[in-house]
Amino acid sequence: MSKHLSVVVPVYNESKSIKPMLDGLRKEVHNIPFSVSVVYDFDEDTTVPVVKKIKDRYPFEVRLVKNNLGRGALNAIKTGISKADGDAVLVMMADLSDRPSDISRMYTLIEQGYDVVCGSRYMRGGGQDSRTLFKRLMSQMIGLSLHYIIGIQTHDVTNNFKMYRKDIFRRIKIESTGGFELAMEITVKANALGMRITEVPTVWRDRSAGKSRFNLWGWAPRYFKWYVYALTHRPR
């Protein structure tokens, strides 16, 4: 496993946002080696021809990776993690909602020995611009309550903008079946195993182009499952 950051970007028809996202990485991420895996579900995805056209313009490697586990954001992320060859893995959305300027600081914390580094909207300095009030309130309630009730070392367990030490996946088996609850599952399991978790403030912005695959009502029970897991699996 080489010493660099693997950035995993699940996509679904992100032809309008993928270039600005890659441009943001080029502009904001400095002094760390990294590669980008753009993970797509099907060959007709509008992101694919755009990436093929521009991928050689960047000073970092940009790979197209086909999701081989079945369609959906969850399987795309799992595929990206399984194929990552860096010592750390960052999951980042292509819709410009995540802030590339936070990545170098996150990787520095991985180098300092942390296992999970969370981009946190709910700590001092963080924030979000979301048009969905209930979605924001639900994720904030989950994150803050787990921080103060069980002492998990992040205020924001639900945000998918997280960096992981790659070798933690030898001990953590992913069981999620829905989608973006995956980040919460990994974080609460890492906490239960006594792994080192920390956070950096980030500002999350609603997508400006394309269609979100987040389904609040369909996935709410799955978030609740991992909330109960966190309450009942305290670190030894």
Distance in nm between pseudo-label sites at Leu137 and Asp206 (7 Å out along the Cβ direction from Cα)
1.6 nm
Measure nothing but the geometry: give the 0 to 90° angle between the long axis through the Cα atoms of 182-192 and the longest principal axis through the Cα atoms of the chain, rounded to 10°.
40 degrees
In terms of the charge dipole of the chain, which places +1 on Lys and Arg and -1 on Asp and Glu at the beta carbon, the residue among Pro201, Ile172, Phe34 farthest towards the positive end is Ile172
Suppose a student asked you for the relative contact order of the range 2-232, using Cα pairs under 8 Å spaced at least 6 residues apart; what percent would you report?
23 percent
For Trp204, what residues show an amide H to amide H distance below 5 Å, using hydrogens built from the backbone and excluding near sequence neighbours?
Gly127, Gln128, Asp129
Pairs Lys52/Lys225; Lys135/Lys189; Lys3/Lys173; Lys53/Lys225; Lys19/Lys166; Lys3/Lys78: which exceed 32 Å Cα-Cα?
Lys52/Lys225; Lys53/Lys225
Can you compute 3J(HN,Hα) from phi for each residue in the range 64-69, using the Karplus curve 6.51 cos²θ - 1.76 cosθ + 1.60 with θ = phi - 60°, rounded to whole Hz and x for Gly and Pro?
9, 10, 7, 4, 10, 10
Write down the Kirkwood hydrodynamic radius of the range 104-179, to one decimal in angstroms, obtained as one divided by the mean of 1/r over all alpha carbon pairs.
13.8 Å
Just want the ordering: Val203, Val39, Val48, from fewest to most Cβ atoms lying within 10 Å of their own Cβ.
Val203, Val48, Val39
Listed residues Leu133, Leu69, Leu146, most fluctuating in the chain (Gaussian network, C-alpha, under 10 Å)
Leu133
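Values in this text are rule-based calculations from the coordinates and carry no lab data. In this text, all values refer to a predicted model and were calculated from it rather than measured experimentally. Here the Cβ is made from the backbone with ideal geometry for all residues, glycine too, and neighbour counts use every protein chain on show.
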